[in-house]
Structures are given as C-alpha cells and as structure tokens.
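Notes follow the structure.
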Amino acid sequence: MTRPAATAVDFRTPPGPGVVAVSGGADSVALLRGLLAVGRGPLTVAHFHHQLRPEADADAGFVRGLAAAHALPFALGTADVRAAGGNLEATARRLRYAWLHEVARDRGARWVATGHTANDNAETVLHHLARGTGLDGLRGIAPVARGGDIDIVRPLLEMTRAEVLAYLASLDQPFVTDATNFDATRTRARVRAELLPLLETFNPQAVAALGRLARQADEVAACLRDLAADLLRRHERPRAGPVVVLDAGIAAPPPVLHAVLQQIWEREGWPRGDMGDDAWRRAGAVLRGDATAAEFPGRVRMRWRGPVVQIGPGP
C-alpha cells in the first residue's frame, strides 16, 4: 500500500479511551489493528448483532476472538432490527449507533471509531446523487461527527478499500465477509458493485475525485450555515408562542435563505422528510416577499403579516 494504515489512524483519532466498532469485515478489522499499531487507547471492541443473517453468530464469535487475542475488552449488543420496523438499513444504523453511544458512556470513552473508507464515502455520494440529493448529500460521510458527549470518528476515511486489504495482507490478518454487501437487490450494493467500477473506467481516480467533491461540498455547506446563522440572529424577532417571527423581505441569495429556513425547521423539530427542493424554494419566496403565504408538511404555515413573516403550526 502507498501509506500505512497506522499513519492515517494516528492523524485522525483523538487521544484517550475509545470504542472501536468492529463488524468483523476488512475495514473495521484494519481500523482496530491500525489503532493498536499507533498505541491509541485504552480501547473497547464493540460488535452489534443485527439478527439479520444466519452467519451473524459466527461473525460475533470472530470479533470476540479478535478482541481476546489482543487482550481487549469486548462488548456485544443485539437487536431484532426487522421487528423494530421502518427502513431496514436506516433502523439498523439508528439502533447500532445508539448502542455504541451507550457503550462509550459506560466505558468512560469520549469517542467511537468506525471503519468507513474512501470507497464508502464515494459510494455514499453516488447513492445520494442517484436519489436526487441536494448539496448536503454531496458532503458524503463526515470525518468527525460531533454529537453531545461522544464523537464518532472515521480514521480510515482517506484510505481506499484496496489499501485496507493490502494492509491486512501485510499483517496476515483474516476477516469475515458480509454477503449482503454483494446483494444486487440493494441500491448501495449495486453502487458498489456496478456504478463505481464503471466510473473508474472513465477515471481510475474516481474514488479520490468523489472524496474531493465531498470535502468541497462540506466547506460550502459550512459557509452557508454560518451565513444563515448570522442572518437569523439579525432578523429573528420575539416569537409569538409556537410561531417563529422574522423580518419580512430579507434580501439574500436563495441558498442562504434556504439554509436559514432549514435551521429553523431543525431547531423547531418540524418534519423535514417531505421538504424537497420545491418546498424550500416556496418558503424562500415568502421570506423574500415574492409570495405572501405557503403551507408545508406537518401543517407548518408561512404568512406575511405587515413588516414580519410568521412561520409555525397552523390549525
């Protein structure tokens, strides 16, 4: 490989106690070995059993053995993801991360490391594009996701899957393979198996190019967030109960106004799932003064009232 995995891990991982999410696959096993190589820790190995595959018991046993081989504490979580309902992948992710946060708190750790790679980042950007994403979706996977008292860190995010496999081969380190990663009925698996390899026939450095795009989108999104927060501070007025009140006729480019509105929606806990591009544009038109009223999912309404715009739940 062109650079050792341990160097990338050392660069991105905070000091102090940490939890390493290990599925048993190549990426997470390389992450654990890299963290050990640079002396991070103390570490806890955490494995979440989703009860979705017959071989999942064997995967848990493999990770337990890996932790024991390196004299590391092992935590096993489990949940019946199918019984929890909702989108299977989204539910599995939600339950897994909630459990990882619990493990971190129980072990006195301030960070959880996951084994996402540059390929995962590229696949995420492509997956979002295929679904019709906006700017936020182009940001891909965050190197660090700060949430309350626990940070989620992705030390391998600039390493390709080929580099990960080469690193494991250099250690003669085995790993397990999740067959669902190759299930062509799943969109993410098709992106991995078909779309990304096709792009690499046009540009062999497609993974790196998509990673640069994600970083640039993240930088632009951060600028928009800062501009929107400043605009909101200057133009928000005392609220009327549950209703948010802003100065009418705010002059700003549409992306900034959309960012202002998205911050309001997020802060107020209003439903955003059905707020597509058209909805944000209609809301921005009211904020600018190009329209006098609009209604949105969750019975959220916007109305001009003299010198202000009111935004809030309607009857």
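The values are calculated or read from the model by the stated rules, or taken from the named source; none is laboratory data. Since we're looking at a predicted model, the values are computed, not measured. Neighbour counts run over all protein chains shown; Cβ positions are idealised from the backbone, glycine included.
A few remarks follow.
- Only one of the numbered conditions (1) out of contact with any helix residue (DSSP H, G or I) (no Cβ under 6 Å at 6 or more places or on another chain); (2) within 25 Å of Gly273 (Cβ to Cβ) is not met by Phe62, and that is (2).
- Enumeration of residues in the range 112-158 that are of a type in the set (A, V, I, L, M, F, W, C) and in a loop (DSSP other than H, G, I, E, B): Ile141, Ala142, Leu156, Leu157
- Output for the range 261-310, where each listed residue is in contact (Cβ under 8 Å) with a residue 24 or more places away in the chain and of a type in the set (A, V, I, L, M): Leu261, Ile264, Ala283, Leu287, Val300, Val308, Val309
- Yes/no for Met275 being assigned to a strand (DSSP E or B), of a type in the set (A, V, I, L, M, F, W, C) and either modelled with pLDDT of 90 or more or closer than 18 Å to Gly134 by Cβ (or both): no
- In the range 59-87, the residues that are more than 21 Å from Leu43 (Cα to Cα) and surrounded by 15 or more Cβ atoms within 10 Å (Cβ to Cβ): Ala79, Val81
- Unmet criterion (only one of (1) surrounded by 13 or more Cβ atoms within 10 Å (Cβ to Cβ); (2) at pLDDT below 90; (3) within 31 Å of the chain's Cα centre (by Cα); (4) of a type outside the set (A, V, I, L, M)) for Gly289: (3)
- Identification of helices (runs of 4 or more DSSP H) wholly contained in the range 169-243 with 3 or more residues that are buried (at least 16 other Cβ atoms within 10 Å of the Cβ) and modelled with pLDDT of 95 or more yields 206-235.
- You will find that of Arg82, Arg94, the residue that is more than 25 Å from Glu219 (Cβ to Cβ) and within 13 Å of the chain's Cα centre (by Cα) is Arg94 and no other.
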